[in-house]
Amino acid sequence: MTVRAILHFPDPRLRNKALPVTEINDEIRTLIDDMFETMYHDRGVGLAANQINVFKRVIVMDHSEDRSEQLYFINPEIIAKEGLVTMEEGCLSVPTYYAPVQRAAKVTVRALDKQGKPFELAADGYLAICIQHETDHLDGKLFIDYLSPLKRAMVQKKLEKLRRRTL
Ligand code: NI
């Protein structure tokens, strides 16, 4: 397993749309392993393939305290949404910034597993938010897109400053 480099906003590649996975092979299974490794390394709770510069529709997450509940979705599709809730979000591609975002409170997601078998999962709470945040990434969308343009410009400035300092 390999820790891969994460793209950071405002990298334009984060705006690319990921393509559906057409064949589930060892390359995809290795990608999933690397995504978990990268996510754990950077202490995240979720990661989309776009964030490591791979434009395939794969997302992973683990929001357990002891990092023992790996969830991954190949070609995820949100097929039902219910209610609304606002929660504070962050993102490994937008480091050090957190903001409240309103999303559906419950979702049902359909996806494929590593054997190519379809499954459905109904989620609420933090998991429902995570699924929406990560599937957004696959469409080139970031949580800060839900903020006002003014706030988004502020985040961009802050991150550019942070990057200059760490170079
Ligand atoms: Ni994110």
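Where a number appears in this text, it was derived from the coordinates with a stated rule and is not lab data. Everything numeric here is computed off the predicted structure, so don't read it as measured data. Cβ atoms come from the backbone with ideal geometry, glycine included; neighbour counts cover every protein chain shown.
Counting only pairs 8 or more residues apart or on different chains, how many lysine pairs in the chain have their Cα atoms under 17 Å apart?
Lysine pairs satisfying the spacing and distance rule in the chain number 7.
Once phi is turned into θ = phi - 60°, what whole-Hz ³J(HN,Hα) does the Karplus curve with 6.51, -1.76 and 1.60 give for every residue of the stretch 65-76, x standing for Gly and Pro?
4, 9, 6, 10, 10, 6, 10, 9, 9, 9, 6, x
Quick one: dipole size for the chain, taken about the Cα centre, charges +1 on Lys/Arg Cβ and -1 on Asp/Glu Cβ, in debye to the nearest 20.
Here the chain has a charge dipole of around 940 debye.
Going from the alpha-carbon gyration tensor of the chain, what semi-axes, largest first and in whole Å, does one get by taking the root of 5 times each eigenvalue?
24, 20, 14
In whole Hz, with x marking every Gly and Pro, tabulate ³J(HN,Hα) for the stretch 94-105 from phi via Karplus 6.51 cos²θ - 1.76 cosθ + 1.60, θ = phi - 60°.
Going residue by residue, I get 10, x, 6, 10, 9, 7, x, 10, 8, 9, 5, 6 Hz, with x marking Gly and Pro.
Evaluate E = 1/(1 + (r/R0)^6) for GLU82 and ARG164, where r is the Cβ-Cβ distance and R0 equals 30 Å; express this FRET efficiency to the nearest 0.05.
Efficiency, rounded to the nearest 0.05: 0.10.
So what's the back-of-envelope 222 nm ellipticity for the chain, counting only DSSP H runs of four-plus at -39500 (n - 2.57) apiece and dividing by all residues, rounded to 500?
The helix-only estimate for the chain comes to -9500 deg cm²/dmol at 222 nm.
Which GluC sites (Glu not before Pro) from the stretch 1-78 combine a DSSP loop assignment with at most 12 other Cβ atoms within 10 Å?
GLU23, GLU65, GLU69
Putting +1 on Lys and Arg Cβ atoms and -1 on Asp and Glu Cβ atoms, find which of TYR146, GLN132, THR108 reaches farthest to the positive end of the dipole of the chain.
TYR146
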